[in-house]
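K.L.:
I have a structure here, written as structure tokens, and I will follow up with some questions on it.
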Amino acid sequence: MLIAGNWKMFKGPSETRAFADAFEPPDGVDAVLCPPYPSLAAAVEGGLATYAQSVHWAPEGAFTGEVSAPMLLELGVQGAIVGHSERRQFFGETDETVARRSIAALEAGLGVIACVGESQEEREAGDTEVILRLQVESIRDAVGAHERLVIAYEPVWAIGTGKTATPDRAQAAHAFIKTLLDVPVLYGGSVKPENADELLSQADVDGALVGGASLEVESFTAICQSAARIRS
Ligand code: 13P
């Protein structure tokens, strides 16, 4: 089971080193941390399995503010998140750019956590499956069921809000996603130690992408321990 911590724009190199010194992933879980770019080297040097929070599709070029897959690989980074809803919402990420980033990262040898999920309005309008289909099919058409690809289902209304999808709703969305693309599906959106057991016990929930609760060693470790218990 994969438990990934997305630190978003939190933790510089010294806080990253402190986390790496204190964190011991339990056996039987793949624990990955996704720090901001300036902290990637500290995470790798601290022995953490490390993913970036995005990656560009070109190996190099005039793309101010972006980083490439070969640069990440040179640092010892193992993969990247692509298409997080915060990138879609605030930085103009589209299904097309998500697909391009995914292809380049996988071809270069990185793992990819590609994020999908509906907004509150889309859910209320009954459009959840339509939106998921568009997002997942665009990734599928670009890269297929690649062995280093996982999808993260993160309903936008559950991110950083304290609201989680009920385990039943998460399960239904994950099962639907797998009818479109047969890869592991992580759940993300207010995952905490208190709800991790129930969410991770669902048949088609293959791990978690954790935001806020990944910033503290104790809470991230507790979520990893849930995954280890459920897996065994
Ligand atoms: P929270 O766990 O803080 O809701 O964030 C979820 C998320 O966006 C992980 O990528």
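K.L.:
At 0.36 nm per residue, and after removing the present C-alpha to C-alpha distance, how many nm does the segment from ARG17 to LYS163 gain when stretched out fully?
P.N.:
49.5 nm
K.L.:
Hey, what number do you get for the chain at 222 nm if only DSSP H runs of n ≥ 4 count, each worth -39500 (n - 2.57), divided across all residues, to the nearest 500?
P.N.:
Helices in the chain give a 222 nm mean residue ellipticity of -13000 deg cm²/dmol.
K.L.:
Under the rule a/c < 1.5 gives rounded, and otherwise a/b versus b/c splits prolate from oblate, where does the chain land using the Cα gyration tensor?
P.N.:
Note, shape of the chain comes out oblate.
K.L.:
Still on this structure, I have one more. Just to confirm a number: summing +1 for Lys and Arg and -1 for Asp and Glu over residues other than VAL55 whose beta-carbon lies under 14 angstrom from that of VAL55, what do you get?
P.N.:
-1
K.L.:
Can you work out D for the stretch 52-183 in µm² s⁻¹ from Stokes-Einstein, where Rh is the Kirkwood radius over C-alpha pairs, the temperature is 20 °C and the viscosity is 1.002 mPa s?
P.N.:
Translational D for this selection: 141 µm²/s.
K.L.:
Answer rounded, prolate or oblate for the stretch 1-86, using the Cα gyration tensor with square roots of eigenvalues a ≥ b ≥ c: rounded when a/c is under 1.5, else prolate when a/b is larger than b/c, else oblate.
P.N.:
It is prolate, given that a/c is not under 1.5 and a/b is the larger ratio.
K.L.:
Something else about it: Please state the shape class of the stretch 105-232: rounded when a/c is under 1.5, otherwise prolate if a/b exceeds b/c and oblate if not, all from the C-alpha gyration tensor.
P.N.:
Oblate shape, in that a/c is at least 1.5 and b/c is the bigger or equal ratio.
None of the figures in this text is laboratory data; all of them are computed from the coordinates on show. Please read these numbers as outputs of a predicted model, since none were measured by experiment. Glycine gets a Cβ as well: all are built from the backbone with ideal geometry, and neighbour counts include every protein chain shown.
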